[in-house]
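As structure tokens, the structure follows; a few thoughts come after it.
The values are calculated or read from the model by the stated rules, or taken from the named source; none is laboratory data. Remember, predicted model here, so these are calculated numbers, not experimental data. With ideal geometry, Cβ positions are generated from the backbone for all residues, glycine too; neighbour counts draw on all protein chains shown. When the accessible area is computed, the model is the full protein with side chains, heavy atoms only, and any ligands, DNA or RNA have been set aside. Shrake-Rupley method; radii C 1.70, N 1.55, O 1.52, S 1.80 Å.
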Amino acid sequence: VNQQKEEMGVITRLEREEELRRLHHLTSNDFREWIQARKEEGQKRYGDAHLKRYGLVDVAEELQDSLIEMELVLDRLQKQGIKVQPELKEMIVAFSGLVGMALSALLAIDKDLPDEVCTDERGGDRIWWGRKK
């Protein structure tokens, strides 16, 4: 029904928001369920591939992706003509700082790992990583 209304241009913002699934509406339990579902799906898809992957490179890639995605959120806001409030900018800067701290912690963890768990036979065609020595 809302899709028909939206096509006709009569759907209200409130009706559209009621259909939106938003992260800030999730509970701790929702996040636990989401993590578990992702873990189970990953196990089905990849099995024990992690035993032949340099897992910390996967983590570094995910952290980098989070910074890139945050830039893309800002890009979307700008391209849709939505003014970014100073408080939101501050939160994004803080988020980026936390990711930087996570990357620093990751390097410290990596330093203490034995070489035999840092091989990457199943790492695939990684962007940049596989080309650098």
Next on the checklist: Name the residue that is nearest to the chain's Cα centre (by Cα), counting only residues in the stretch 15-27 that are at pLDDT 95 or above and open to solvent by less than 80 Å² (accessible area, probe 1.4 Å).
Outcome noted: Leu26
Item to check | Residue among Ser66, Ser104 that is touching a residue at least 12 places away in the same chain (Cβ under 8 Å) and either of a type outside the set (Asp, Glu) or closer than 30 Å to Arg122 by Cβ (or both) | outcome: Ser66
Checklist outcome for this item: Reported set for the stretch 77-101 where residues are touching a residue at least 24 places away in the same chain (Cβ under 8 Å) and not hydrophobic (A, V, I, L, M, F, W, C) is Ser96
Checklist entry - If you scan the stretch 46-80, which residues turn out to be within 26 Å of Leu113 (Cα to Cα), of a type in the set (Lys, Arg) and open to solvent by 90 Å² or more (accessible area, probe 1.4 Å)? => result Lys52
Item to check | Candidate set from the stretch 95-112 (those that are open to solvent by less than 60 Å² (accessible area, probe 1.4 Å) and hydrophobic (A, V, I, L, M, F, W, C)); member that is nearest to Glu71 (Cα to Cα) | outcome: Val99
Next on the checklist: Take Glu41 and tell me if it is more than 15 Å from the chain's Cα centre (by Cα), over 25 Å from Ile127 (Cβ atoms) and either open to solvent by less than 100 Å² (accessible area, probe 1.4 Å) or modelled with pLDDT of 95 or more (or both).
Outcome noted: no
